[in-house]
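> This is the structure I have questions about; it appears just below.
The values are calculated or read from the model by the stated rules, or taken from the named source; none is laboratory data. Since we're looking at a predicted model, the values are computed, not measured. Here Cβ is always computed from backbone atoms with ideal geometry, including for glycine, and neighbour counts include all displayed protein chains. Side chains are part of the model used for accessible areas, which takes the heavy atoms of the whole protein and leaves out ligands, DNA and RNA. Shrake-Rupley method; radii C 1.70, N 1.55, O 1.52, S 1.80 Å.
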Amino acid sequence: MVVRNVDEMWMRLGPFGRYQWRIVVMLLVSQIFWAFHVLSSTFLARAPPYHCSFLSNYTFNESIPWVEDKNGNLGPSKCEMYVYNSSGERLQAPCESGWTYPDFNKHHSIISEWNLVCQDAFRSGLTTSIMMAGIMVGSWKVSEASDNFGRKLVYLSSTLLMFVVGILMAVLTNYWVFICLRFLMGVAMAGFGVTGYVMRTEQLPPNERIYGLFVFGGMAWNLGIAILALLAFLIQDWRYLQLALTLPALFTVSYYWLVPESVHWLVTHGRYEEAEAIFKKAAQVNGVTLEDEYLQALQHEVSKVETQRKKMTVFDIFKHPRLRVFTLVTGYCW
């Protein structure tokens, strides 16, 4: 029998055997962390009730005007207050002494931390936009890095970066430093998210990838959303919530020993001995007999491909009509 590529070898080892199942499940953790940090701003930047701070010698109604919101409901103004001139005349003016958050001790978010309200309300949304910019940059550059230096190295490095950045976000106290860290978090998320996706793809033959990527991937994403909502309900302080979302990533250090390098990457980079060791391990775990002729046939076929291999970049996607269409459609949908 001729085994022409890695996908056919995975089929010979069992389409979705115990070995592949174990690796895919561990890599699905990246989907949970992805949900944590993409959607965390919903709770980290939760808008609490607030109003202008006012002098204690005036009552609330003497200091805060009542206005109609966009739905026609009457309520206290959030961004204006009454001030009194020397003749005692009452005027409306922007908040002069900052803001008061009545539920500060119960619900503490980055909005109440840095007063991201009124004229500075856009800074709250900026935290998400900056992260998305980091994901965009990371998806481009980290993918190239994983092609050059290996999927596993980039995956573990990105997870470590996410862990360090997540801890720093929880302890540092400057808004603009927080913004820079959110960008780095986006880069890290692209690293472990995209690379983890590719590693799951390369652990399975084509006809089984719909389960490893979309069915189980969607389940992991939804599990991450559910856990995030539960943690946000239980932890009302944004700093402690950020720590709770970050600390579980520490256990992925064990992936250095538990998760192998992508066989696709090893084979295309001529590291056939390492790929052969992974195939033998998979055969042992799956209870499959792997004859040497299969390995020899794969090595022969791969060696022919290696002589024709050339260095590729992200721009090569647009040189092939089918890939170009898929890329443009997917980009538009996102």
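> Just name the residue that is modelled with the lowest pLDDT out of those in the stretch 269-290 that are open to solvent by less than 80 Å² (accessible area, probe 1.4 Å) and part of a loop (DSSP other than H, G, I, E, B).
So, considering only residues that are open to solvent by less than 80 Å² (accessible area, probe 1.4 Å) and part of a loop (DSSP other than H, G, I, E, B), the one modelled with the lowest pLDDT is Leu290.
> Still on this structure, please answer the following. Could you tell me whether any residue of the stretch 208-221 is among the acidic types (Asp, Glu), assigned to a helix (DSSP H, G or I) and open to solvent by 30 Å² or more (accessible area, probe 1.4 Å)?
Applying the first criterion (among the acidic types (Asp, Glu)) to the stretch 208-221 yields 208.
The next check asks that each one be assigned to a helix (DSSP H, G or I); those that pass are 208.
Still in the list and also open to solvent by 30 Å² or more (accessible area, probe 1.4 Å): 208.
Yes, the stretch 208-221 contains at least one residue that is among the acidic types (Asp, Glu), assigned to a helix (DSSP H, G or I) and open to solvent by 30 Å² or more (accessible area, probe 1.4 Å).
Residues checked against (1) of a type in the set (Lys, Arg); (2) surrounded by 14 or more Cβ atoms within 10 Å (Cβ to Cβ); (3) touching a His at 6+ places or on another chain (Cβ under 6 Å); (4) over 27 Å from Tyr155 (Cβ atoms):
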| residue | (1), (2), (3), (4) |
| --- | --- |
| Met9 | no, yes, no, no |
| Ser30 | no, yes, no, no |
| Arg46 | yes, yes, no, yes |
| Ser63 | no, yes, no, yes |
| Leu116 | no, yes, no, yes |
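> Additional query: Anything in the stretch 77-108 that is hydrophobic (A, V, I, L, M, F, W, C), under 44 Å from the mean Cα position of the chain (by Cα) and at pLDDT 80 or above? List them, or say none.
Cys79, Met81, Ala93, Cys95, Trp99
> Working carefully through the options Ile130, Ile110, Ile135, find the one that is touching a helix residue (DSSP H, G or I) at 6+ places or on another chain (Cβ under 8 Å), under 15 Å from Trp238 (Cβ atoms) and not small (Gly, Ala, Ser).
That would be Ile110, the only listed residue that is touching a helix residue (DSSP H, G or I) at 6+ places or on another chain (Cβ under 8 Å), under 15 Å from Trp238 (Cβ atoms) and not small (Gly, Ala, Ser).
> Does the stretch 184-202 contain any residue that is open to solvent by less than 20 Å² (accessible area, probe 1.4 Å), of a type in the set (Lys, Arg), modelled with pLDDT of 90 or more and touching a Gly at 6+ places or on another chain (Cβ under 9 Å)?
no
> When the stretch 128-152 is examined, which residues are found to be surrounded by fewer than 22 Cβ atoms within 10 Å (Cβ to Cβ), part of a helix (DSSP H, G or I) and touching a residue at least 60 places away in the same chain (Cβ under 8 Å)?
Thr128, Trp140, Ser143, Glu144, Asp147, Lys152
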